[in-house]
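I have a structure I would like to understand better, so I am pasting it below and will then ask my questions one at a time.
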There are 2 protein chains.
Amino acid sequence: MKIRNVKSSDFSVISPLINEWWGGRQMSDMLPKLFFVHFHDTSFIAEKDGVTVGFLVGFLSQSNSNVAYIHFVGVHPEYREHHVGKRLYNEFFNVVKKNNRNIVRAVTSPSNKVSIAYHTKMGFMIENGDKEVDGVSVFSDYDGINQDRVLFVKAID
Amino acid sequence: MKIRNVKSSDFSVISPLINEWWGGRQMSDMLPKLFFVHFHDTSFIAEKDGVTVGFLVGFLSQSNSNVAYIHFVGVHPEYREHHVGKRLYNEFFNVVKKNNRNIVRAVTSPSNKVSIAYHTKMGFMIENGDKEVDGVSVFSDYDGINQDRVLFVKAID
């Protein structure tokens, strides 16, 4: 498996894959082209035998000089047990460290149990919100009305 | 009129205004909370007599150290002739200059004639795309299938 930085032109390959990998859910609007144009050095694509098997789009927070943020991660459904995600996250953690930052944040929906389990396994802590959903602390209306979110944070050594 | 930097907590005020100001079009998904959390210093709110009359959300490109990008601008429909937009753009241009950058980019839909006229008036050039729509050069499928876009660029002295 090869991991490399994204290029602007990767958008036209990745964008159509998103709804496909998410089983037809309309998710690609969350990842407009601007993320592929302006955040090359903190965003990665995983390829295996010429097939795109995963990607991670993140950035260094402009407001908080110690923080990096993971915006969107996708893994090809047929490559879920190949440590694609782990490789992508580690690549991101490495570039975060190189930029002298040591806090990584990410956000997900309370309904995304796979994401919650995955981030917990990867060493992320769940921040204390204002209510609990299925035993997980969430922030009500975080991303708009009825858009509750789980907030993750991880310290990088 | 007072212009100030956005805070994370402004999201809950601005987000519901977006669909309202755009006449009910579902636009607020384009502006998730992350922009309010991570790009304070290049994003601004205009207030007049305690009323939010406009906002501009932008950032410094992480990949291109000479470029800044304006992601989303909104002006209260009842304050369209009050130079709210001009004040917000100028505030953004000033912070771009302070960060030693001299290229500002923005993107809009070919159907958004108001935005095209406004950016042209503000001194933005339209980049040469691969086709023309109503006499304006556009990039086909720029932001996804059938998502053509007009690309603006302006040099800041």
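The values are calculated or read from the model by the stated rules, or taken from the named source; none is laboratory data. For clarity, every value in this text was computed on a predicted model and none was experimentally measured. Ideal geometry is used to build each Cβ from the backbone, glycine not excepted, and the neighbour counts take in all protein chains shown. The protein model used for the area step is the full one, side chains on, heavy atoms only, and it has no ligands, DNA or RNA in it. Shrake-Rupley method; radii C 1.70, N 1.55, O 1.52, S 1.80 Å.
Given the options A:LYS97, A:LYS154, name the one that is in contact (Cβ under 8 Å) with a residue 24 or more places away in the chain, closer than 28 Å to B:LYS7 by Cα, in the same structural domain as A:LEU17 (by TED's automatic domain parsing) and charged (D, E, K, R). Before you say what the answer is, go through the steps one by one.
Values: A:LYS154 fails: in the same structural domain as A:LEU17 (by TED's automatic domain parsing).
None of the other options fit; the residue is A:LYS97.
Just one of A:VAL73, A:VAL6, A:VAL96, A:VAL67 is among the β-branched types (Val, Ile, Thr) and over 22 Å from A:TYR118 (Cα atoms); which is it? Reasoning before the result, please.
On the way: A:VAL73 fails: over 22 Å from A:TYR118 (Cα atoms); A:VAL96 fails: over 22 Å from A:TYR118 (Cα atoms); A:VAL67 fails: over 22 Å from A:TYR118 (Cα atoms).
So the residue among A:VAL73, A:VAL6, A:VAL96, A:VAL67 that is among the β-branched types (Val, Ile, Thr) and over 22 Å from A:TYR118 (Cα atoms) is A:VAL6.
When you look at A:VAL104, is it within 14 Å of chain B (Cβ to nearest Cβ), within 16 Å of the chain's Cα centre (by Cα) and outside any helix (DSSP H, G or I), yes or no?
Numbers: within 14 Å of chain B (Cβ to nearest Cβ): yes; within 16 Å of the chain's Cα centre (by Cα): yes; outside any helix (DSSP H, G or I): yes.
It is true that A:VAL104 is within 14 Å of chain B (Cβ to nearest Cβ), within 16 Å of the chain's Cα centre (by Cα) and outside any helix (DSSP H, G or I).
Just wondering, is there one or more residues in region B:112-134 that are farther than 23 Å from B:PHE59 by Cα, open to solvent by 60 Å² or more (accessible area, probe 1.4 Å) and small (Gly, Ala, Ser)?
Looking only at region B:112-134, we keep the residues that are farther than 23 Å from B:PHE59 by Cα, and these are B:113, B:128-134.
Okay, now just the ones that are also open to solvent by 60 Å² or more (accessible area, probe 1.4 Å), so B:113, B:128, B:130-132, B:134.
Of the ones still in play, those that are also small (Gly, Ala, Ser) are none.
No, region B:112-134 contains no residue that is farther than 23 Å from B:PHE59 by Cα, open to solvent by 60 Å² or more (accessible area, probe 1.4 Å) and small (Gly, Ala, Ser).
Is there a residue being closer than 19 Å to B:TYR142 by Cβ, in a helix (DSSP H, G or I) and of a type in the set (S, T, N, Q) anywhere in region A:18-25? Explain how you work it out, then say what you get.
Step one: of region A:18-25, the residues closer than 19 Å to B:TYR142 by Cβ are A:18-19.
Narrowing the set further to residues that are in a helix (DSSP H, G or I) leaves A:18-19.
Then drop every residue that is not of a type in the set (S, T, N, Q), which leaves A:19.
Yes, some residue in region A:18-25 is closer than 19 Å to B:TYR142 by Cβ, in a helix (DSSP H, G or I) and of a type in the set (S, T, N, Q).
Checking B:PRO16 against (1) away from chain A (no Cβ under 11 Å); (2) open to solvent by 50 Å² or more (accessible area, probe 1.4 Å); (3) modelled with pLDDT under 95, which test does it fail?
Condition (1) is where B:PRO16 drops out.
Filter region A:19-34 for residues that are within 10 Å of chain B (Cβ to nearest Cβ) and among the hydrophobic types (A, V, I, L, M, F, W, C) and give the result.
A:MET30, A:LEU31, A:LEU34
On to the next question. Looking at the structure I just gave you, is A:VAL96 open to solvent by less than 70 Å² (accessible area, probe 1.4 Å), touching a Lys or Arg at 6+ places or on another chain (Cβ under 7 Å) and at pLDDT 95 or above?
Details: open to solvent by less than 70 Å² (accessible area, probe 1.4 Å): yes; touching a Lys or Arg at 6+ places or on another chain (Cβ under 7 Å): no; at pLDDT 95 or above: yes.
The answer is no for A:VAL96.
Another question, if that's okay. For region B:39-61, name all the residues that are under 14 Å from B:ASN5 (Cβ atoms), open to solvent by less than 20 Å² (accessible area, probe 1.4 Å) and either within 14 Å of chain A (Cβ to nearest Cβ) or not in a strand (DSSP E or B) (or both).
Answer for region B:39-61, where residues must be under 14 Å from B:ASN5 (Cβ atoms), open to solvent by less than 20 Å² (accessible area, probe 1.4 Å) and either within 14 Å of chain A (Cβ to nearest Cβ) or not in a strand (DSSP E or B) (or both): B:PHE39, B:THR42, B:SER43, B:PHE44, B:VAL57, B:GLY58, B:PHE59.
Let me ask something else. Given the criteria open to solvent by 20 Å² or more (accessible area, probe 1.4 Å), modelled with pLDDT under 95 and not β-branched (Val, Ile, Thr), does A:ARG101 qualify? Please lay out each step first, then the result.
Values: open to solvent by 20 Å² or more (accessible area, probe 1.4 Å): yes; modelled with pLDDT under 95: no; not β-branched (Val, Ile, Thr): yes.
Judged against the criteria, A:ARG101 is not a match.
For every residue, the table says whether it meets (1) more than 16 Å from B:ILE70 (Cα to Cα); (2) among the small types (Gly, Ala, Ser); (3) touching a Gly at 6+ places or on another chain (Cβ under 9 Å).
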residue: B:ARG80; (1), (2), (3): yes, no, no
residue: B:ASN90; (1), (2), (3): no, no, no
residue: B:ILE103; (1), (2), (3): no, no, no
residue: B:SER109; (1), (2), (3): no, yes, no
residue: B:ILE126; (1), (2), (3): no, no, no
residue: B:GLU132; (1), (2), (3): yes, no, no
residue: B:SER137; (1), (2), (3): yes, yes, yes
residue: B:SER140; (1), (2), (3): yes, yes, yes
residue: B:ILE145; (1), (2), (3): yes, no, no
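Using beta carbons and a limit of 8 Å, which pairs, at least six apart or on different chains, have the first residue in region A:10-29 and over 13 Å from A:THR52 (Cα atoms) and in the same structural domain as A:ALA46 (by TED's automatic domain parsing) and the second one open to solvent by 20 Å² or more (accessible area, probe 1.4 Å) and of a type in the set (D, E, K, R)?
A:ASN19/A:ARG25; A:ASP29/B:ASP29
On to the next question. Would you mention how many residues in region B:128-144 are of a type outside the set (Ser, Thr, Tyr), more than 10 Å from chain A (Cβ to nearest Cβ) and part of a strand (DSSP E or B)?
Taking region B:128-144 as the starting set, the residues that turn out to be of a type outside the set (Ser, Thr, Tyr) are B:128-136, B:138-139, B:141, B:143-144.
Within this subset, residues satisfying the condition of being more than 10 Å from chain A (Cβ to nearest Cβ) are B:128-136, B:138.
Among the residues that remain, those that are also part of a strand (DSSP E or B) are: B:131-133, B:136, B:138.
Selection size over region B:128-144: 5.
Looking only at region B:77-98, which residues are assigned to a helix (DSSP H, G or I) and within 10 Å of B:ALA46 (Cβ to Cβ)?
Residues of region B:77-98 assigned to a helix (DSSP H, G or I): B:77-79, B:84-98.
Hits for region B:77-98 are B:TYR79, B:VAL84, B:GLY85, B:ARG87, B:LEU88, B:GLU91.
I would also like to ask the following. Please specify each residue of region B:21-69 satisfying the condition of being within 17 Å of the chain's Cα centre (by Cα) and small (Gly, Ala, Ser).
Matches in region B:21-69: B:SER28, B:SER43, B:ALA46, B:GLY54, B:GLY58, B:SER61, B:ALA68.
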